[in-house]
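Quick notes on the structure that follows.
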Amino acid sequence: MTFLKKINTRAKADINTGFGTNSSSYGGRFITKSGNANVKKTGIGFLDSISWYHTMLNIPRWKFMVIVVLFYFVVNFFFATLYYVNGVEHLKGVEMTSNMDKFGQAFFFSIQTFTTVGYGHISPSGFSASLIAAVEALFGLLSFAIATGLFYGRFSKPKAHILFSKNAIIAPYKDGTALMFRLTPYKNTNLTDADAKITLGMKVEENGKPVNKFFSLELELEKVNSLTMSWTLVHPITESSPLYHFGQADFQNLEGEILVFMRMFDDMYSTTVAKRTSYVFSEIVFGAKFLPMFSRNEDDSKSLLHIDKLNDFELVSLQ
């Protein structure tokens, strides 16, 4: 009996996962560790494939700040060039010194106009300089409105502030074994009604062709009322599990991935937030158990959640 037939006799494959069945069309993992789909869109223009609003909300904080600062200086450099080409003599208050100094004064006048500060030391004279200043003032107002909206959007965007363990493990469980990984909240947020679903995705051969097969993995506990401490998700490997009789060599030689989907309620934002991640078979440690990551404080008045111990485990033998 082939490996695929064995797995199909124990577990029924899912057909509504949203992932295709043609394995030869897939490269790498299905979901990245950060939870994004491992897909690159082609066949469409770059500008059409990008939602700039979503991009600016999702990029790392340092990249966002670099873009804002670069935009600020590039725009002012552009308008300073216009003032300089138009003639700095049309800017009242500019001291006629070296060309570099003239451009510098035009640049700082541009900043004053762009930000609508307007100190008054330098002012436009004539139609052309006044037109450039008027266009820049309007552009500055619109730019700051957009930047303010993006800052607020990033600041107020609901996020599931939870961390997943770096590895999943195959650990002793009751009279057998279980697939385990754990997660924990790491911000001062209150998460309730946490719901978890995990799916096994495998690349197998069927009728001589590679195909993707997906199987829902039953959890010992799929939902908790309050997510305040760490939560270890446990999939008991029983006879009905597609991982039944998997040995260490299977996790090393087969292509598979554990897809994790989390959904919970954030009472601060009064909305549901979601989080995703995945573990490929090479990220599953066979024969291990997690070490405790919370304890009591010295006066026994609080529980201490040690976030830095989220990934701590020790190797054990499996009978």
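The values are calculated or read from the model by the stated rules, or taken from the named source; none is laboratory data. On a predicted model such as this, the values are computed, not experimentally measured, just so you know. Methodologically, a virtual Cβ is constructed for each residue, glycine included, from the backbone with ideal geometry; neighbour enumeration extends over all protein chains shown. What goes into the accessible areas is simple: the full protein's heavy atoms, side chains included, and nothing from ligands, DNA or RNA. Shrake-Rupley method; radii C 1.70, N 1.55, O 1.52, S 1.80 Å.
So here's what we get for this one:
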| item | result |
| --- | --- |
| So residue 230, is it among the hydroxyl-bearing types (Ser, Thr, Tyr) and either surrounded by fewer than 20 Cβ atoms within 10 Å (Cβ to Cβ) or closer than 25 Å to residue 264 by Cβ (or both) | yes |
| Residues that are open to solvent by 70 Å² or more (accessible area, probe 1.4 Å) and either at pLDDT below 70 or part of a loop (DSSP other than H, G, I, E, B) (or both), drawn from the stretch 27-53 | 33, 34, 36, 39, 40, 41, 42, 43, 44 |
| Test result for residue 272, in contact with a strand residue (DSSP E or B) (Cβ under 9 Å, 6 or more places away or on another chain), open to solvent by 60 Å² or more (accessible area, probe 1.4 Å) and without any contact (Cβ under 8 Å) to a residue 12 or more places away in the chain | yes |
| Subset of the stretch 109-122 that is under 38 Å from the mean Cα position of the chain (by Cα) and free of Cβ contacts under 8 Å to residues at least 24 places away in the same chain - its residue that is least open to solvent (accessible area, probe 1.4 Å) | 112 |
| Among residues of the stretch 268-319, those that are touching a Pro at 6+ places or on another chain (Cβ under 6 Å) and either among the acidic types (Asp, Glu) or modelled with pLDDT of 95 or more (or both), counted | 0 |
| Residue selected from the stretch 64-80 under the condition without any contact (Cβ under 8 Å) to a residue 24 or more places away in the chain and β-branched (Val, Ile, Thr), by the criterion surrounded by the most Cβ atoms within 10 Å (Cβ to Cβ) | 67 |
| Residues of the stretch 126-169 that turn out to be in contact with a helix residue (DSSP H, G or I) (Cβ under 8 Å, 6 or more places away or on another chain) and surrounded by 13 or more Cβ atoms within 10 Å (Cβ to Cβ), as a count | 18 |
| Condition broken by residue 200, with the remaining ones in (1) without any contact (Cβ under 8 Å) to a residue 24 or more places away in the chain; (2) touching a strand residue (DSSP E or B) at 6+ places or on another chain (Cβ under 7 Å); (3) outside any helix (DSSP H, G or I) satisfied | (1) |
| Exclusive hit being among the aliphatic types (A, V, I, L, M) and surrounded by 17 or more Cβ atoms within 10 Å (Cβ to Cβ), set 56, 100 | 56 |
| Residues located in the stretch 277-319, provided they are closer than 27 Å to residue 32 by Cβ and touching a His at 6+ places or on another chain (Cβ under 7 Å) | 293 |
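Yes/no per residue for (1) in contact (Cβ under 8 Å) with a residue 60 or more places away in the chain; (2) assigned to a loop (DSSP other than H, G, I, E, B); (3) under 20 Å from residue 179 (Cα atoms); (4) touching a strand residue (DSSP E or B) at 6+ places or on another chain (Cβ under 8 Å):
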{"residue": "212", "(1), (2), (3), (4)": "yes, no, no, yes"}
{"residue": "233", "(1), (2), (3), (4)": "no, no, yes, yes"}
{"residue": "238", "(1), (2), (3), (4)": "yes, yes, yes, yes"}
{"residue": "243", "(1), (2), (3), (4)": "yes, yes, yes, yes"}
{"residue": "258", "(1), (2), (3), (4)": "yes, no, yes, yes"}
{"residue": "277", "(1), (2), (3), (4)": "yes, no, yes, yes"}
{"residue": "285", "(1), (2), (3), (4)": "yes, no, yes, yes"}
{"residue": "292", "(1), (2), (3), (4)": "no, yes, yes, no"}
{"residue": "308", "(1), (2), (3), (4)": "no, no, no, no"}
